[in-house]
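J.: Handing you a structure now.
Please treat every number below as a calculation from the coordinates, not as lab data. A quick note: this is a predicted structure, and the numbers were derived from the prediction, not measured. Backbone-built Cβ (ideal geometry, glycine too); neighbour counts: all protein chains shown.
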Amino acid sequence: MLLYKEIVAKEIVVIIGGPGSGKTTLIKHLEQKGYTCYPEISREVTLEARKQGIEQLFLEKPLLFSELLLEGRKKQYAAAVNDTSNIVFIDRGLPDVLAYMHYIGDAYPSFFDDACKEYRYTKIFFLPSWREIYVADDARYESYEQAELIAAHLQETYKNFGYKLIEVPKDTLDNRILYILGHLS
């Protein structure tokens with residue numbers, strides 16, 4: 001498999017932010033505009049666990065949940081590398097898994113760190129917490145205050161892996177997209 005260091009002209013861009021900051025809406029809009037996008041996979045993992053009788057896998061078995069996310073995001077990365085598009089957007093990256101583990105205070109095996117060092121993204125866009133658009137739902141159990149704490153852990157974790165975060169201003173959806181596209185090569 002090709003890794004980032006072997007890619008010359010491809011942008012693998014990750015959109016991060018706390019719960020309810022507008023990531024999924026932004027990704028869906030980019031997709032509607034014809035860009036290649038990979039969705040957040042945590043809801044998929046959560047729904048699959050519910051089918052198996054585990055109501056909140058993240059809360060009940062956080063390490064298992066995180067391992068499943070890590071593997072899913074590694075697969076997304078590989079798909080992005082092999083995609084024919086020059087720009088691929090991903091809703092959350094591998095370091096998100098570690099940030100959530102830091103948030104809940106759980107330890108994790110070293111292969112989590114190793115994966116974050118091996119699978120590298122070209123740009124990280126951070127969407128700050130935004131109370132006016134925050135909405136809770138059946139898959140989002142965090143309060144707005146918890147979402148803000150998670151956002152802080154995300155920023156710290158990505159920075160610890162050497163990423164420069166590009167903060168996307170709170171603005172209309174179209175202006176946020178223009179801002180992101182304006183920062184790509």
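J.: Which residue, chosen from 175, 105, 42, occupies the Cα position most advanced towards the positive end of the dipole of the chain, where the dipole is computed from +1 (Lys, Arg) and -1 (Asp, Glu) charges on Cβ about the Cα centre?
T.: Going by the charge dipole, the pick is 175.
J.: Enumerate the lysines that residue 170 could reach by cross-link, defined here as Cα to Cα under 18 Å, with residues fewer than 8 away along the same chain left out.
T.: 23, 28
J.: Please give the per residue volume of the convex hull enclosing the alpha carbon atoms of the chain, rounded to a whole number of Å³.
T.: Roughly 118 Å³ of hull volume per residue.
J.: Using the Cβ atoms and a cut-off under 12 Å, what net charge is assigned to the surroundings of residue 133, where Lys and Arg are +1 and Asp and Glu are -1?
T.: Within the 12 Å Cβ shell, the charges total +2.
J.: Still on this model: Check residue 11: other-chain or 5+ apart residues with amide H under 5 Å from its amide H, H built from backbone geometry?
T.: Answer set, sorted by chain and number: 87, 88.
J.: For the stretch 1-107, how big is Rg over Rh, using alpha carbon atoms and the Kirkwood form of Rh?
T.: Taking Rg over the Kirkwood Rh, I get 0.99.
J.: In addition: Return the percentage of antiparallel bridges among DSSP beta bridges fully within the chain, rounded to the nearest 5 %.
T.: Restricted to the chain, the bridges split so that about 5 percent are antiparallel.
J.: Next question. Output the relative contact order of the stretch 4-182, whole-number percent, from Cα pairs under 8 angstrom with separation of 6+ residues.
T.: For the stretch 4-182, the relative contact order is 35 percent.
J.: Which of 154, 32, 87 sits farthest toward the positive end of the charge dipole of the stretch 4-182, with +1 on the Cβ of Lys and Arg and -1 on the Cβ of Asp and Glu?
T.: Most positive-ward Cα: 87.
J.: For the peptides 67-76, 31-40, what is the packing order when you average, over each peptide's residues, the other Cβ atoms within 10 Å and list the highest mean first?
T.: The densest-packed peptide leads the list: 67-76, 31-40.
J.: Oh, and also: To the nearest 20 Debye, how big is the dipole of the chain about its Cα centre, given +1 on the beta carbon of each Lys and Arg and -1 on that of each Asp and Glu?
T.: Result for the chain is approximately 500 debye, rounded to the nearest 20.
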